[in-house]
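Beneath this line is the structure, given in structure tokens, with notes to follow.
The values are calculated or read from the model by the stated rules, or taken from the named source; none is laboratory data. All figures in this text were calculated on a predicted structure; none of them were measured in a lab. Cβ placement follows ideal geometry from the backbone for every residue including glycine, while neighbour counts extend to all protein chains displayed.
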Amino acid sequence: MLKTDTIASLLKEGLPKNDPLIVAPQPNLTELAESGAASLDLRLGCWFGVLRNARVCTLDIGPYDTTDLNSESMMKMHYVRFGDKFILHPRSFVLGITMEWIRLPRNKAGYVTSRSSWGRRGLIIATATGVHPGFSGCLTLELANAGEVPIALYPSMAICQFFIHHAETVSDCLDRSVLAGRRMPYLNPISLDETARKIASLQAE
């Protein structure tokens, strides 16, 4: 796990030169180096994606369901200007995006967790987001209000913690997943994998 003084040094020097760690906009490197922490705070961007509940009654990836769960029409996008706010109501869920564009070297990986100060008030990043070596792009955030009162979300507010660690082996290629290179929240495809499809077909016989 990299401490913030190491992260600050990598960002300041653009290291390694042929495969640098990049965070844009860059945080205050002096404050980052002196914080003594082991994570980098990331800020909330301006785009929010809300699932359209009226479009589907059940999220079902079963082999006999004909609903297009991967259609972008399932999600309504909202752009919130800096200085304005998005209200996340109790027991509601929204996809957000980081303000920062991240580029990880091919020998580094990371993951995102909630800030405890927000978690204790009911704002939860529903799942820890893993970030693969060689990734570049803004990070989609899964935000849920587990509390009892609405929460105002402001673009540019510190929303999550980003931990960076060494990868045991160096990847020969950059991350080419569907999540790489995104600047807006993305509803990535889901489906039964090959093993699940085979089991389902056996049960149907």
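Considering the conditions (1) modelled with pLDDT under 75; (2) over 24 Å from Met74 (Cα atoms), Tyr111 is excluded by exactly one of them, (1). Applying the criterion of being among the charged types (D, E, K, R) and surrounded by 14 or more Cβ atoms within 10 Å (Cβ to Cβ) to the residues of the range 4-24, the residue that is farthest from Leu139 (Cα to Cα) is Asp5. Pairs are defined by a Cβ separation below 9 Å, a sequence spacing of at least 6 or placement on different chains, a first member in the range 5-33 that is within 13 Å of Glu100 (Cβ to Cβ), and a second member that is basic (Lys, Arg) and surrounded by 15 or more Cβ atoms within 10 Å (Cβ to Cβ); the pairs so defined are Leu21/Arg103; Leu21/Lys108; Ile22/Arg103; Val23/Arg103; Ala24/Arg103; Pro25/Arg43. When restricted to residues that are basic (Lys, Arg) and part of a helix (DSSP H, G or I), the range 1-47 contains 1. Out of everything in the range 47-82 that is modelled with pLDDT of 95 or more and over 23 Å from Gly147 (Cα atoms), what residue ends up being surrounded by the fewest Cβ atoms within 10 Å (Cβ to Cβ)? The selected residue is Arg81. Scanning the range 98-153 for residues that are surrounded by fewer than 16 Cβ atoms within 10 Å (Cβ to Cβ) and among the charged types (D, E, K, R) returns Arg120, Arg121, Glu148.
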